[in-house]
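**Student:** Once you've had a glance at the structure underneath, I'll fire off some questions.
The values are calculated or read from the model by the stated rules, or taken from the named source; none is laboratory data. Fair warning: this is a prediction, and the values are worked out from it, not measured in the lab. As a convention, Cβ positions derive from the backbone with ideal geometry for all residues, glycine included, and neighbour counts pool all protein chains shown.
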Amino acid sequence: MTSAPPSSSSRGRLLVLAGPSGVGKSTVVAELRRMDAPLWFSVSATTRAARPGEVDGREYHFVSDEEFDRMVAAGEMLEWASIHRGLHRSGTPAGPVEEHLAAGEPVLLELDLAGARAVRERRPDALLVFLQPPSWEELVSRLTGRGTEPPEVVERRLATARVELAARREFDVALVNHDVRETARALVDLAHSTDGPTSPDGVRDDVDRDGAPAGAVGPGVVGAPESRSH
């Protein structure tokens, strides 16, 4: 594996967006795309077959198991993981990310917690952004949906969410997803600012120093394992 290149004011900023399941990461990224935000969105490589309507190079780079093995062995993956107990694998090709950063473009990766941790190891210059729910109650509402799932499934999701929320302290910045458009704009600000809209200790003003949304999240801010949707 190669070490991260030195930082330069002419380089783009690498942003990694992660957070608990159900917090709205994909919705925020969709809003960024809708508003044609000045960011480059990384496209993952995957060994699974393309689904109807998916285009190679747009949703994913669809590769064979052999090509994925080669990319991993050559250190060409910024991060990768096995999905659905090894049914297929997905990851972030490092080459395109570096090319866009070197060209001065900010790059956004939407990852799970394991992916964010892997990027932090490979690229300590990355800015890790944790997306938090407005409240624990709101996250519970999103995770439980219509209330049609068995209680044990709901409890497992909530336990996972608690663990995921506890990972906030591993991140550089926390954004509370009160409003999708505002969150998208805040990400653009972070991508194009030298320091980002943070307080001197690196935490946004709308987040308490212990990582909880200011006056918002209750007992749920303690914690959960990563689940990938690639």
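**Student:** Sort out which residues of segment 130-169 are among the aromatic types (F, W, Y) and under 17 Å from S26 (Cβ atoms), and write them in order of number.
**Tutor:** F130
**Student:** Continuing with this model, one more query. Mind checking which residues of segment 173-194 are in a helix (DSSP H, G or I), surrounded by 15 or more Cβ atoms within 10 Å (Cβ to Cβ) and either touching an Asp or Glu at 6+ places or on another chain (Cβ under 8 Å) or touching a residue at least 60 places away in the same chain (Cβ under 8 Å) (or both)?
**Tutor:** Correct list: V180, T183, A184, L187, V188, L190, A191.
**Student:** To continue, here is another question. Which numbered condition in (1) assigned to a helix (DSSP H, G or I); (2) crowded, with 19+ Cβ neighbours inside 10 Å is the only one that F130 fails?
**Tutor:** If we test F130 against (1) assigned to a helix (DSSP H, G or I); (2) crowded, with 19+ Cβ neighbours inside 10 Å, just (1) comes out false.
**Student:** Further, regarding this structure: Across segment 60-90, what is the total count of residues that are modelled with pLDDT of 95 or more and at positive phi?
**Tutor:** 1
**Student:** Also, quick follow-up: So, R13, is that one surrounded by fewer than 12 Cβ atoms within 10 Å (Cβ to Cβ), among the basic types (K, R) and under 29 Å from A167 (Cα atoms) or not?
**Tutor:** Judged against the criteria, R13 is not a match.
**Student:** Out of segment 70-112, which residues are among the acidic types (D, E) and under 21 Å from F130 (Cβ atoms)?
**Tutor:** E79, E110, D112
**Student:** On to the next question. Can A94 be described as under 30 Å from T47 (Cβ atoms), over 15 Å from the mean Cα position of the chain (by Cα) and among the aliphatic types (A, V, I, L, M)?
**Tutor:** Yes: the conditions hold for A94.
**Student:** Determine whether R117 is surrounded by fewer than 16 Cβ atoms within 10 Å (Cβ to Cβ), of a type outside the set (D, E), at pLDDT 95 or above and assigned to a helix (DSSP H, G or I).
**Tutor:** no
**Student:** Considering every residue within segment 34-48, establish whether at least one is loosely packed, with under 12 Cβ neighbours inside 10 Å, more than 15 Å from V16 (Cβ to Cβ) and without any contact (Cβ under 8 Å) to a residue 24 or more places away in the chain.
**Tutor:** For segment 34-48, residues loosely packed, with under 12 Cβ neighbours inside 10 Å, more than 15 Å from V16 (Cβ to Cβ) and without any contact (Cβ under 8 Å) to a residue 24 or more places away in the chain: present.
**Student:** Could you tell me which of the residues L78, L127 is in contact (Cβ under 8 Å) with a residue 12 or more places away in the chain and under 13 Å from the mean Cα position of the chain (by Cα)?
**Tutor:** Just a single option satisfies the conditions, and that option is L127.
**Student:** Now, a different point. With part of a helix (DSSP H, G or I) and more than 25 Å from A37 (Cβ to Cβ) as the only criterion, which of E99, E138, E152 stands out?
**Tutor:** Just a single option satisfies the conditions, and that option is E152.
**Student:** Which of (1) of a type in the set (D, E); (2) more than 24 Å from V43 (Cβ to Cβ); (3) more than 15 Å from the chain's Cα centre (by Cα); (4) modelled with pLDDT under 95 does D179 not meet, given it meets every other one?
**Tutor:** D179 satisfies all of (1) of a type in the set (D, E); (2) more than 24 Å from V43 (Cβ to Cβ); (3) more than 15 Å from the chain's Cα centre (by Cα); (4) modelled with pLDDT under 95 except (4).
**Student:** Quick one: which of V16, V23, V29 is closer than 30 Å to T144 by Cα, part of a loop (DSSP other than H, G, I, E, B) and in contact with a Leu (Cβ under 9 Å, 6 or more places away or on another chain)?
**Tutor:** Matching residue, one of V16, V23, V29: V23.
**Student:** Could you tell me which of the residues E110, E79, E31 is surrounded by 13 or more Cβ atoms within 10 Å (Cβ to Cβ), under 26 Å from L165 (Cβ atoms) and out of contact with any strand residue (DSSP E or B) (no Cβ under 7 Å at 6 or more places or on another chain)?
**Tutor:** None of the others qualify; the one that does is E31.
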